Every structure is written in structure tokens, then in C-alpha cells.
Amino acid sequence: MITFDGVETPCRAGWTIGAALTAAGVRSWRTTRRAGRPRGLFCGIGVCFDCLVTVNGRPSMRACLTEARPGDVVSTQDGTGHGDRAC
Amino acid sequence: MLLVDGGARPGGQYWRHGPEPADPRSRHRLRHGWPTFQRLVRRAESAGAALLARHHVQTVVADKAGWLVDCLVGDEPSASAVGTAIRARRLVLATGAYDRQLPFPGWDLPGVMAGGGVQALLKAHGVLAGRRVVVAGTGPFLLPVAAGLVAAGARVPLVAEANSPLHLAHYPGALAASGPKLREALSYAVWLTRGHTAYRRRHTVIRALGTDRLQAVQVARLDRHGRVCPGTIRTVHCDVLAVGWGFTPQLDLANQLGCAGTVGADGNLVVAVDRVQATSVPGVWAAGEVTGIGGADLAVIEGSIAGRAAAQAPVPRSLIRRRARLRRFADALNAAFPVPAFLLDDLPGEVLACRCEEVPVRAVREAVSELGATDARTVKLLTRTGMGWCQGRVCGFAVAAATARACGRPVSEADLRAMADRPLAVPSTLGRLQGGEPPSH
């Protein structure tokens, strides 16, 4: 079990964060830096970097590559995930 | 002999699998050529090859005795503190490919995904990307994506193929490998029939609709020239769109090494190789999709040839002949499934060309028409397309194409290379780049 924005989200062993969120019907988990538009999975294989999400406080983890571990705290990332920093 | 693989398990995207299939019945539907894969793994193991999994190569540089291969280790290498460097006398590059994408209105809505990403969720995790999925784009890959979804219980109302597969009959090369391929295509067709999926030739998605997530797509018929036929637009409701326009090779390492390239039959920059898969750089061979998109069977043959050549063993003529046959078939497929003109010429200016840096197509066109850019490199410098996280992997082909079109000339190798040269194949923190020598093999 992991949490996403505080909500318990079921997760199977071996699933990536992206797989768990997708299985739970979540389509987006970050907003873009310029226009604040929602993004989630696009290429799904680690190439596009659209699926960046904050995991256990660490921003910009590719959800499609990052294996979910029990107790992981996943949260929506706004922009860079570093507040006002540019990157 | 070391097999350095960025994946958790060998097999790349084609033979991608999870630790255990979620539904045992689905195992064989999704695992094409599985006995071949198992045989290859067994032979590699018995030959003494060691597999380094989750090793993402960041750089390859010339070293005293050959090459120094610097890797980041872990699922998400950009967050990894663990690195390792490998010294190698000879290299075989088999870095594969990924879905080629082109911008269209609404393509940045959550729910619009690459066909390969939808496949990866299913193959590796047994997870459906959505419940009602439209599959669109061009090329034979649309069929296994749609069939896999139907077999796993999703509703696939439509497969929109922009071209007409019947055109394949015009190319003599198509007959070269047609038997098994036809059977494979028919097996997918059976699933689509069971799923009540409409397969429409010369149809494509012209717009993805929704406010913060995909809710529907607009589909239209294309004429012989790949342009939208007026009056044929209709709306299809869906929660996911699986889209793909063929594939494009992962060239980071080949480009770092300075391997000569060429614009392939698929329109991509590809690595140039000789009869035995040798690149222009002594001590480096390349096999599979990096030499030109051609599918799994061709990749396996090229791998066999490259491995033998790198080991300085003779290459049987039968392998060379098989490769030529499969290459002719791949060339026929590429010619029969081109990117339609509507995607290259008729896009509204506000559509995003570069997703990472949120740069609209308009900016690319204006860089040429207002600011005097005459090549993709200058367009990149002026607009920031290709400078974001993905470093041009997604937008590269489209920006090169849009630049060339705005300049009134064909896409050049230089245009494609400008969007594909990456000194770091994997992102890294400044801390790691500053760090000391990593332990080496």
C-alpha cells in the first residue's frame, strides 16, 4: 500500500508508482512549470519525463520507472517540485 | 562478456515482463516468440555472459585499452547515488527504440499515451491503461496494442490506421517474410473481432478533447495525400488514446561515440553499419532498431551477426541472407506506413511542439520565418525545443520536420542530429557529476 496525496492506494509487488496510480484511475500527478497544465504517463517507458512525481519528498522521479515500495508517500508535483526554484 | 541492461530484466520492450504475470492466462497472449527469448537467455548464460541489470549507461568514452562505460544503477537512475564504470575492449550497441510521436491538437492531455507505454503497463504489470481505449497512428504495432487491450478486458471501440495496409502489396519486399507475419496479423484480427473493435483504414485522430484529462477524440478520414477529408469528422468517447507513428532509435551512445549515421528508410537518424554490423568506429558494433527500425526478428538476427563479428568469429552467409530478407520486409513496412501530411503541414500554431519546455509549433515556424533560422540546431537554440528533461527524444523528429518544411527543403541528417546529440544519456545530479572516480569492473 502506498499513499497518493494522502489517499491510500493499492499496490502490487513489482508495480511502478505509475502502474499503481494508473490502476487506481489517476491520470495526472504533476503540473507543468509554465502553464500549470496536468501531466501523467505519456511514453510509459522512461523516455519522455512527463510522469515526474514527488516520492517520499524527493521531486522529479519518473513514475513509470520508480518501483513502488510499501509505505511510499507519493504527492502531486507542481512545476519543479522545488517551490520557486527554476529547476 | 557483460550484458549491460537498463531494465530490471533482459528482453527490452518487446519481451518485457514482470516478475510474475498478474493473470497466468495472459502470459502467452502478450509473449510473442517467448521460446526464442528463453533460448537466447539460456545460451547467453551458458556462454558465461554476466547480466548487469538496472545499469543505465550515462556516457561511453574512449579509454586507453578501449572504452569506459559509465553507468548509473537503479530503477530511476537520475535519483541514484550508485554508479559504476566498466572497461571494455569491444562494444556492441543494442539500445533499441521507442515510440515515435508527432504533435496534434490535445496531445498533451493526460490519457493520451504512447502505444508502447500502454503495452508496458500490460506486459510488465498486468495493468490496463484505461477502460475505453482508442488506438490510433500508423503501422503494424497498432494491432498488438489493440489486441492486448481487448484480451485483458478493455473496450477498444476503434483502431484508426492513417494509411492503408493494402499498400503493402505494392512492395515486393513485403512477400519476403509474409507467412508468419500474416498469421500474426490474423491472430490480432481475431481479438479485435471478439472485442467488436472497428478497424478503420485512412482514418486518424485529429484532436484529443477534454479539459484536464482525455474524454474523447475527434476522428476523421484522410485522403490519399494524408490530408483530412472535410465533413468526415466524428467524436469517439474514450479515457485513453494509445497513439504511435512507428518507432525511432535510441542513439545517445552511438552519437557519443561518433558513429556515422544516415537518414534511414523510416525517416529517422540511424547508425550506419556494414555487412557484419560494424559501425564507423573501430571496436564498436550495433544491432537491432538502432540501425533502422525493423522489428524483433531482424533485431535477433543482427544481434547474432554483431556478436559473432565482435568475437571475431565467422558470420554464416545464411544469417546475412536472412537479415537481407527481413530488412527488405522492414523497408516495405516503412514505405507503406508513412507519417501523414496532416501531421506535418496542417497543425494549428498553438499545438505544443516541445512538451517539456511547453513550446508551441508557432514558435518553430517563426524561428524560421521571422528570426532567420535555417536549421534545426538554430531553431532549438532560439525556441528551447529539445532542451527540456527529455532532451529532444519526443520532439526531435517533429521539430526537425517542421524546420525543414518551413525552410522548404527535405529533413537533413544535420537537423535530426541537432535534436539527438546528448553528452549525457541519463540525467544526473551536479553532485554526482562532481564526485570522485566510481568503482570499476
Ignoring ligands, DNA and RNA, what percent of the 1.4 Å accessible area of the range B:332-393 is carbon and sulfur?
50
Taking square-rooted eigenvalues a ≥ b ≥ c of the alpha carbon gyration tensor, is the protein assembly as shown rounded, prolate or oblate, where a/c under 1.5 means rounded and, failing that, a/b exceeding b/c means prolate?
rounded
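With all protein chains present, how much of the accessible area of the range B:110-180 (probe radius 1.4 Å) comes from carbon and sulfur, to the nearest whole percent? Mind dumping the intermediate values first?
Values: 1320 of 2050 Å².
Carbon with sulfur: 64 percent of the solvent-accessible area.
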Taking amide H positions as placed in the peptide plane 1.01 Å from N, state which residues far from B:Leu158 in sequence (5 or more) or on other chains have amide H under 5 Å from it.
B:Val135, B:Ala198
Can you pull the one-decimal nm distance between simple spin-label points at B:His170 and B:Ala311, each 7 Å off the Cα toward Cβ?
4.3
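Of B:Leu253, B:Leu382, which has the most accessible area with a 1.4 Å probe, and how do the rest follow in descending order?
Order by accessible area, largest first: B:Leu382, B:Leu253.
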Please list, ordered by chain and number, the residues whose modelled amide H lies under 5 Å from the amide H of B:Leu209; skip anything fewer than 5 residues away on the same chain.
B:Gln215, B:Ala216, B:Val217, B:Gln218
Separation of the B:Arg275 and B:Ala65 label points, Cα + 7 Å toward Cβ, nm:
3.2
So what is the relative contact order of chain B, in percent, for Cα pairs below 8 Å that sit 6 or more residues apart?
18
What size of dipole, in debye to the nearest 20, comes out for the protein assembly as shown about its Cα centre when the only charges are +1 on Lys and Arg C-beta atoms and -1 on Asp and Glu C-beta atoms?
1520
If ligands, DNA and RNA are left out, what is the accessible area of B:Arg100 with a 1.4 Å probe, given in Å² to the nearest 10?
20
Under unit Cβ charges (Lys, Arg +1; Asp, Glu -1), what dipole magnitude, rounded to 20 debye, does the range B:121-272 have relative to its Cα centre?
600
How do B:Lys64, B:Lys123 rank by accessible surface area computed with a 1.4 Å probe, from largest to smallest?
B:Lys64, B:Lys123
Given H placed 1.01 Å from N in the peptide plane, which residues other than close sequence neighbours of A:Cys11 have an amide H under 5 Å from its amide H?
A:Ile2
Have a look at the range A:1-40 and report residues whose accessible surface goes down by 50 Å² or more when the remaining protein chains are included, against the chain on its own, probe 1.4 Å, ligands and DNA/RNA excluded.
A:Arg27, A:Arg33, A:Arg34, A:Arg37, A:Pro38, A:Arg39
Cα-based Kirkwood hydrodynamic radius, chain B, one decimal, Å
22.8
Which aspartates and glutamates, on any chain, are close to B:Lys123 with Cα under 12 Å apart, when same-chain ones fewer than 8 places away are left out?
B:Glu20, B:Asp23
Rounded to one decimal in nm, the spacing of the 7 Å Cα→Cβ label points at B:Arg224 and B:Thr429 is 6.0
Residue separation between B:Ile320 and B:Thr374 times 0.36 nm, minus their alpha-carbon distance, gives in nm 15.4 nm
Divide by every residue of chain B the summed helix terms, -39500 (n - 2.57) for each DSSP H run of at least 4, and state the resulting mean residue ellipticity at 222 nm, rounded to the nearest 500 deg cm²/dmol.
-9500 deg cm²/dmol
So how strong a dipole does chain A carry about its Cα centre when Lys and Arg Cβ are +1 and Asp and Glu Cβ are -1, to the nearest 20 debye?
280
Mind ranking A:Leu52, B:Leu430, B:Leu257 by accessible surface for me, highest first, 1.4 Å probe?
B:Leu430, B:Leu257, A:Leu52
Can you show me the helix-derived [θ] at 222 nm for chain A, built from DSSP H runs with n ≥ 4 at -39,500 (n - 2.57) apiece and divided by the number of residues, rounded to the nearest 500.
-2000 deg cm²/dmol
Just report the Cα centroid separation between the range A:1-64 and the range B:214-245, whole Å.
28
Solvent-accessible area per residue for the protein assembly as shown (1.4 angstrom probe, square angstrom):
43
Which length gain, in nm to one decimal place, applies between A:Val73 and A:Thr3 when the Cα-Cα distance is subtracted from 0.36 nm times their residue separation?
24.7 nm
Ignoring everything but the protein chains, give the 1.4 Å probe accessible area of B:Glu184 in square angstrom, nearest 10.
60
Connecting every pair of Cα atoms under 10 Å apart in chain B and solving the GNM, the largest mean-square fluctuation among B:Ala310, B:Ala353, B:Ala160 falls on B:Ala310
At the nearest 100 Å², what buried accessible area, both sides summed, do you get for A and B when the probe is 1.4 Å?
3500
If each residue of separation counts as 0.36 nm, what is the full-extension length gain between B:Arg155 and B:Val190 once their alpha-carbon separation is subtracted?
11.1 nm
Leaving ligands, DNA and RNA out of it, work out the accessible area of B:Ile86 with a 1.4 Å probe and give it in Å² to the nearest 10.
10
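The values are calculated or read from the model by the stated rules, or taken from the named source; none is laboratory data. Keep in mind the model is a prediction, meaning the values are calculated, not measured. Glycine gets a Cβ as well: all are built from the backbone with ideal geometry, and neighbour counts include every protein chain shown. For accessibility, only protein heavy atoms count, side chains too; no ligands or nucleic acids. Shrake-Rupley method; radii C 1.70, N 1.55, O 1.52, S 1.80 Å.
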